[in-house]
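Dumping the structure here so I can ask a few things about it.
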Amino acid sequence: MKHVQVSTAVALLALALMAEPALAQNSNSQKGSLQNGLVAHLLHPDAHAKSAHALAPSQDAVARGLAKAKTYKFASADYPGAGASIVFDQQKGASTILGVTVLGSNTTGFTLKAATYSLLNVPGATAIEPTGINSSGQIVGIYLDASNVQHGFLDNGGVITNIDVPNPPSTLGETELIDINDAGTMVGAYEDAAFNFHGFTTPDGVAFTFIDYPGSISTQLAGINTAGDIVGLWEDASMKNHGFLLSGGNFTSLDFPLATTTAAIGINDAGDIAGYFIDAALVEHGFIYSKNTFTQIDVAGASDTELTRIKNNGHITGIYTDSNAEEHGLTGH
């Protein structure tokens, strides 16, 4: 799967930690990386678009007035003793945080509620990456079986259901489930024989609707809100990745100003979109797109920042990499 290595960055925004941050990763833990995980192509989709020369500071999108900057208060959410963590989602109207962590050489999922961490279990899985949670507490994600085949899963109160795109069209039998809305509609992608992705929606894991961005060679659906608006990313013929919004049957391509890659991953009920972009200096930055305006979001001192979701109350989730190249889950408001 395609992924990119992250270079160092100059963070633009101030970091103000919450008074009671979640437990941090053990400083003696074995370092791991989520860049090679099951959803690495979603978080790091495009090595091809990152060969451009670095921009001078005066060419930065914020400096040129093409995008706004905003300060958030952030807190880390790291599974204790883990080598790397990411917060993929946060339950609407509740305090449950959903994330992925690396423990030794194993990738698994976790929840954090009332300062208590719990690991997720999918029977027969060798790796687990939960990616979405709705207000009812239903969790979706991806797991790898003993034969190294990827499956989607739905965790409904501890009852696990496999979600697999029929074969065909999933000629490789690879299914990735990325988000679920409050109506239970799920979105994700499957991989074809050419290793390109095609998006899908499903209300029940049985009936599937397949969606590709017009003219794309690869499409991934990553987020869905209550109204059924969908965000994701699509790859063009030059292998450049763009974000997109699908609303009311209409596609809108999303590109952060001056970015080489844009990925839209989360959308709330107000239509605010969260994701990340890669600039010409190979630096990853979070963004929020609201009312036709991009806002750049970075954790100060981090070498890169990526956002995964924005909730109805404006809270955000994601991942940042510190100066020691350790990856931390983040929440912000």
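The values are calculated or read from the model by the stated rules, or taken from the named source; none is laboratory data. Computed from a predicted model, the values in this text were never measured in an experiment. Here Cβ is always computed from backbone atoms with ideal geometry, including for glycine, and neighbour counts include all displayed protein chains. To get the accessible areas, we keep the full protein, side chains included, count just its heavy atoms, and leave off ligands, DNA and RNA. Shrake-Rupley method; radii C 1.70, N 1.55, O 1.52, S 1.80 Å.
Go through (1) open to solvent by 30 Å² or more (accessible area, probe 1.4 Å); (2) modelled with pLDDT under 95 and name the single condition GLY249 misses.
(2) is the only condition that GLY249 fails.
Look through ASP269, ASP255 and report the one residue that is in contact with a Gly (Cβ under 8 Å, 6 or more places away or on another chain) and open to solvent by 10 Å² or more (accessible area, probe 1.4 Å).
Exactly one residue qualifies, and that residue is ASP255.
On to the next question. May I ask you to say which residue of TYR276, TYR289 is within 18 Å of the chain's Cα centre (by Cα), of a type in the set (Phe, Trp, Tyr) and open to solvent by 10 Å² or more (accessible area, probe 1.4 Å)?
TYR289
If I ask for residues that are over 9 Å from GLU284 (Cβ atoms) and touching a residue at least 60 places away in the same chain (Cβ under 8 Å), which ones from the range 299-311 would you list? Break it down stepwise before answering.
Going residue by residue through the range 299-311, those that are over 9 Å from GLU284 (Cβ atoms) are 299-302, 307-311.
Those that are over 9 Å from GLU284 (Cβ atoms) and touching a residue at least 60 places away in the same chain (Cβ under 8 Å): VAL299, ALA300, GLY301, ALA302, THR308, ARG309, LYS311.
Tell me the strands (runs of 3 or more DSSP E) entirely within the range 251-326 that contain at least 2 residues that are closer than 20 Å to MET239 by Cβ.
Strands (runs of 3 or more DSSP E) meeting the threshold: 261-267, 273-278.
Considering each of GLY132, GLY109, GLY81 in turn, give the residue that is over 19 Å from the mean Cα position of the chain (by Cα) and of a type outside the set (A, V, I, L, M).
Details: GLY132 fails: over 19 Å from the mean Cα position of the chain (by Cα); GLY109 fails: over 19 Å from the mean Cα position of the chain (by Cα).
Testing whether each residue is over 19 Å from the mean Cα position of the chain (by Cα) and of a type outside the set (A, V, I, L, M) leaves just GLY81.
Considering only residues that are polar (S, T, N, Q), part of a strand (DSSP E or B) and touching a residue at least 12 places away in the same chain (Cβ under 8 Å), which ones fall in the range 226-250?
Passing the criteria: ASN241, SER247.
Sort out which residues of the range 74-93 are open to solvent by 40 Å² or more (accessible area, probe 1.4 Å) and either closer than 23 Å to GLY223 by Cβ or not in a loop (DSSP other than H, G, I, E, B) (or both), and write them in order of number.
Within the range 74-93, LYS92, GLY93 qualify.
Does the range 94-133 hold any residues that are more than 24 Å from ASN181 (Cβ to Cβ), in a strand (DSSP E or B) and of a type in the set (Ser, Thr, Tyr), and which are they?
Passing the criteria: THR101, THR107, THR108, THR116, TYR117.
Could you tell me whether the range 160-176 includes any residue that is within 17 Å of the chain's Cα centre (by Cα), within 21 Å of GLY275 (Cβ to Cβ) and either in contact (Cβ under 8 Å) with a residue 24 or more places away in the chain or open to solvent by 40 Å² or more (accessible area, probe 1.4 Å) (or both)? Outline the logic, then answer.
Going residue by residue through the range 160-176, those that are within 17 Å of the chain's Cα centre (by Cα) are 175-176.
This time we only want the ones that are within 21 Å of GLY275 (Cβ to Cβ), so: 176.
In the following step, the residues that additionally are either in contact (Cβ under 8 Å) with a residue 24 or more places away in the chain or open to solvent by 40 Å² or more (accessible area, probe 1.4 Å) (or both) were identified as 176.
Scanning the range 160-176, I find at least one residue that is within 17 Å of the chain's Cα centre (by Cα), within 21 Å of GLY275 (Cβ to Cβ) and either in contact (Cβ under 8 Å) with a residue 24 or more places away in the chain or open to solvent by 40 Å² or more (accessible area, probe 1.4 Å) (or both), so the answer is yes.
Looking at ILE319, ILE310, which one is open to solvent by less than 20 Å² (accessible area, probe 1.4 Å) and in contact with a helix residue (DSSP H, G or I) (Cβ under 9 Å, 6 or more places away or on another chain)?
When all the criteria are applied, what remains is ILE319.
Could I ask something else about it? What are the residues in the range 134-147 that are touching a residue at least 12 places away in the same chain (Cβ under 8 Å), assigned to a loop (DSSP other than H, G, I, E, B) and surrounded by fewer than 21 Cβ atoms within 10 Å (Cβ to Cβ), if any?
Once the filter is applied, which keeps residues that are touching a residue at least 12 places away in the same chain (Cβ under 8 Å), assigned to a loop (DSSP other than H, G, I, E, B) and surrounded by fewer than 21 Cβ atoms within 10 Å (Cβ to Cβ), the range 134-147 yields SER135, SER136, GLY137, GLN138, ASP145, ALA146.
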